[in-house]
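To start, the structure itself, in structure tokens.
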Amino acid sequence: MNPLRHLLGCAATCLALVSAAHAADLNGMWRMDIHKASGVTLHNYIILHQDAAGIRGSVFANSSFEVPIAGAHAEGGDIVFHINWGWNFRVRPEGANLHVVITYDGGGRDEAVAVPAAASEMSPPAAVAPPALRTVPYNGLAATPPMGWNSWNHFAEKVDDRVVRETADAIVSSGMAAAGYVYVNIDDTWESGRDAQGNIVPNLKFPDMRALADYVHSKGLKLGIYSSPGPLTCGGYEGSYRHEEQDARTYAAWGIDYLKYDWCSAGRIYTKADLQAIYQVMGDALAHSGRAIVFSLCEYGMGDVWTWAPKVSGNLWRTTGDISDNWKSMSDIGFNQGRLAPFAGPGHWNDPDMLEVGNGGMSADEYRTHFSLWSMLAAPLMAGNDLRSMSAETREILTNHEVIAIDQDALGREAVRVQEHEGVEVWARPLADGGFAVGLFNRNAAETTAGFGWATVGLKASPVAVRDLWRHEDLVADAAGFRGVVPGHGVVLLRVN
Ligand code: GLA
């Protein structure tokens, strides 16, 4: 019997109820070691509890987050459930152990034996006292929102040295480099562990980080990397906990130009009150690394990060949870950013997460809305698709230089919503040349005709020039304002002077 069974309170009295739900005794805590092709072993824990109320429990995913199980039910001899990370489980007893199959919504599958585990295995390491708050000087980077590519949205754990090199090649050959994309950013799953001196070591997917940086630099591009202030990243890989200075020096020695620093398992050690101090540790470490490294904070908007991120030398900070490649996720995030506009400016930007353009879950109109909205929000433009095989339509969206010019406008003022009526929204932002960028967004599924008056977007008189940034056309200004057809989930994006 699993030793934790008694801790979980399922004694003889509930046995009958258990057998009603399922004949097997699966109660307890189980550890499942998943051996990855990268040579890394990830630890996941399954905590199961069956009683009259049914089957409940949680998964301590990647040893980083405890996520409740949902939809649990008996199916044949198995128990089937999922967690809202897009992980689907099928478990069945196998001797004293469990046999577990996980399938992932994004594709892929892992199969492993889960063995009885002790609760103490899940205990986080002791906290190191956070430092006193101080201001880390601005690093002088990201005068305009960073542009580049990040591996996560499309590749997740399938990123490797070859993908990064081929992506760098594609950034140049597709015209994206000429359009302003610079950073080639490796997200989670590159890490292995630490050597005897405590130096971070990449896993088998990245044989030589220094050589990879040299290659990316030889293309005129820059290389980014990812870590966490916790012991483990969100994917369960080695984090920078208690090695911050050392890791920053390693990144500098490799030639890294950008760090995304993701809270993840730090939440098991610190509280939200510690956020600024913990990010300050890495801000300081980067400042002492001897290399100019963009500092990207990823803690999903906790603790009003926009109010303090510049004080830890943060150049950008995530304002939300993770984006998904669908209209609801993208539009819920994008159209809810307006209140954060006052916090963005040259050197420090709100980050509503990376782009999904070209990943296949939205229509071309929806992707144009996504790209327009992110540009209006002065958001970092981090392509998240497979640049090696993108369609001409995707490339045209990502390289629309007139839209990119709005995102990269030197004034660095983020757009706000200035009009909203029945799902049609007008957003406007002032530009360095005295003009305005205006987005007329249709959040409804059906095409509509809509418009706005010039005063609404900040103009004192009729504009002398109106430019449609998707059609690449100059329009004749009407003294009454603008009126036009907007596709369902689509946008008309204008530059007015
Ligand atoms: C978190 C971040 C994502 C990505 C993954 C990697 O979910 O928000 O952007 O970095 O971790 O594990």
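The values are calculated or read from the model by the stated rules, or taken from the named source; none is laboratory data. Predicted model, so just to flag it, every value in this text is computed and none were measured. No Cβ is skipped: glycine too gets one built from the backbone with ideal geometry, and neighbour counts run over all protein chains shown. We work out accessible area using only protein heavy atoms, side chains counted, and drop any ligands, DNA or RNA first. Shrake-Rupley method; radii C 1.70, N 1.55, O 1.52, S 1.80 Å.
Of the residues VAL80, VAL159, ranked by 1.4 Å probe accessible area with the largest first, the sequence reads VAL80, VAL159. What part of the accessible area of the chain, given as a whole %, is carbon or sulfur when the probe is 1.4 angstrom? The nonpolar share, carbon plus sulfur, comes to 53 percent. Expressed as an acute angle from 0 to 90° and rounded to the nearest 10, what is the orientation of the C-alpha long axis of helix 364-376 relative to the principal long axis of the chain? Approximately 80 degrees, to the nearest 10. Ordering THR456, THR189 by accessible surface, largest first, gives THR456, THR189; the 1.4 Å probe counts only protein heavy atoms, with every chain in place.
Whole-percent P(r), the stretch 372-434, all Cα pairs, 10 Å bins from 0: 20, 42, 29, 9, 0.
Based on DSSP H segments of at least four residues, each scored -39500 (n - 2.57), the chain has a per-residue ellipticity at 222 nm of -5500 deg cm²/dmol. A simple charge model with +1 on the Cβ of Lys and Arg, -1 on the Cβ of Asp and Glu and nothing else charged puts the dipole of the chain at about 700 debye relative to its Cα centre. Pairwise Cα separations in the chain fall into 20 Å bins from 0 onward with the following percentages, short to long: 22, 49, 25, 3, 0. Projected onto their three principal axes, the Cα atoms of the stretch 263-358 cover extents of 41, 32, 27 Å, largest first.
The share of Cα pairs per 5 Å bin across the stretch 147-407, counted from zero up to the longest distance, runs 1, 6, 14, 18, 20, 18, 13, 7, 2, 0, 0 percent.
The residues of the stretch 336-460 present an accessible area of 35 Å² per residue when probed at 1.4 Å with all protein chains retained.
Within 15 Å, Cβ to Cβ, of TRP317, how many net charges do the neighbouring residues add up to if Lys/Arg are +1 and Asp/Glu are -1? Once all neighbours under 15 Å are counted, the net charge is -2.
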